[in-house]
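Inspection log for the structure reproduced underneath, given as structure tokens.
The values are calculated or read from the model by the stated rules, or taken from the named source; none is laboratory data. Remember, it's a predicted structure, so these values are computed and weren't measured experimentally. All Cβ positions, glycine included, derive from the backbone under ideal geometry; neighbour counts span all protein chains shown. Accessible surface areas use protein heavy atoms only, side chains included; no ligands, DNA or RNA. Shrake-Rupley method; radii C 1.70, N 1.55, O 1.52, S 1.80 Å.
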Amino acid sequence: MELNELIKDCAQRQKRGLHFIMASVVIWGLILAVQLTDLSMEQKNLFTFCCSAVLFPLAWGLSKVLKIDFEGKGNPLTKAGILFSINQMLYILIAMWVFAAVPEKMLMVYAMIFGAHLMPFSWLYQSKGYLVFSIAIPILALIVGLMYAPFVLAIMMVVIEAVFSVWLYLESK
């Protein structure tokens, strides 16, 4: 297969990663629930990190329901998708520093990292949705994160991820 055929195959078989974006709606909902508690900022930030732990099991379950090829076996570009995801783990170190240095802005930085890590998927899935949201999320997270309480940012992220899920669903048809 040539590169364009591999990209098309990856986008079709994995429905442009719809299962991961749908899982992120749930995760941001959990983060919102954490932000609405009376816990200390440090505890909220710690539990925010913990919310991400369910991403892969949740995405796997959604892939089964939506009949998405979770593993993408046979397509070497699946390894690129894994690499694009794993690189976010390096950026989470920045959020961990913010956790200690400026805890009230940790969620803002976390959201910015989440949004920015989506950009390579615009190439992998040939998706305008990934390109638009990878730019819009960090900018909106910065603006909302500087102006409002973290729970407002979490609400914004739930809404954005829900809209993004619909966009990907339509792109995948």
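Would you mind working out the accessible area per residue for the range 109-165, using a 1.4 Å probe, and quoting it in Å²?
42
I need the peptides 18-25, 36-43 ranked by packing, meaning the mean over residues of other C-beta atoms within 10 angstrom, with the highest value on top.
Values: 18-25: 23.6, 36-43: 11.4.
Top to bottom by mean Cβ count within 10 Å: 18-25, 36-43.
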Checklist entry - What are the trypsin sites (Lys or Arg not before Pro) within the range 44-112 that DSSP puts in a loop, where the Cβ has at most 11 other Cβ atoms within 10 Å? => result LYS67, LYS73
Checklist outcome for this item: Rounded to the nearest 500, the 222 nm mean residue ellipticity computed for the chain from DSSP H runs (n ≥ 4, each -39500 (n - 2.57)) alone is -26000 deg cm²/dmol
Item to check | Charge tally in the Cβ shell below 11 Å around LYS44, where Lys, Arg are +1 and Asp, Glu are -1, LYS44 excluded | outcome: -3
Item to check | Shape of the range 128-173, Cα gyration tensor, a/c cut at 1.5 | outcome: oblate
Checklist entry - Could you give me the ³J(HN,Hα) list for the range 109-116, computed from phi with Karplus coefficients 6.51, -1.76, 1.60 and θ = phi - 60°, whole Hz, x at Gly and Pro? => result 5, 4, 5, 5, 5, 4, x, 5
Next on the checklist: Rounded to the nearest 20 debye, what is the charge dipole size of the chain about its Cα centre when +1 sits on each Lys and Arg Cβ and -1 on each Asp and Glu Cβ?
Outcome noted: 360
Checklist outcome for this item: Rounded to the nearest 10 Å², the 1.4 Å probe accessible area of TRP28 is 10
Checklist outcome for this item: A 1.4 Å probe over the protein heavy atoms gives the range 31-137 a carbon and sulfur accessible-area percentage of 73
Item to check | Reachable lysines, given that their alpha-carbon falls under 16 Å from the alpha-carbon of LYS64 and they are not under 8 places away in the same chain | outcome: LYS15, LYS73
Checklist entry - Is the range 14-113 rounded, prolate or oblate when judged by the Cα gyration tensor, a ≥ b ≥ c being the square roots of its eigenvalues, rounded requiring a/c under 1.5 and prolate requiring a/b larger than b/c? => result oblate
Checklist entry - By a straight-distance test (C-alpha under 19 Å), which aspartates and glutamates pair with LYS173 as possible cross-link partners, with residues fewer than eight away in the same chain excluded? => result GLU5, ASP9, ASP69, GLU161
Item to check | Sequence-distant lysines (8 or more away, or on other chains) whose Cα lies within less than 26 Å of LYS105 | outcome: LYS44
Next on the checklist: Could you tell me how far the Cα centroid of the range 100-173 sits from the Cα centroid of the range 1-18, in Å?
Outcome noted: 23
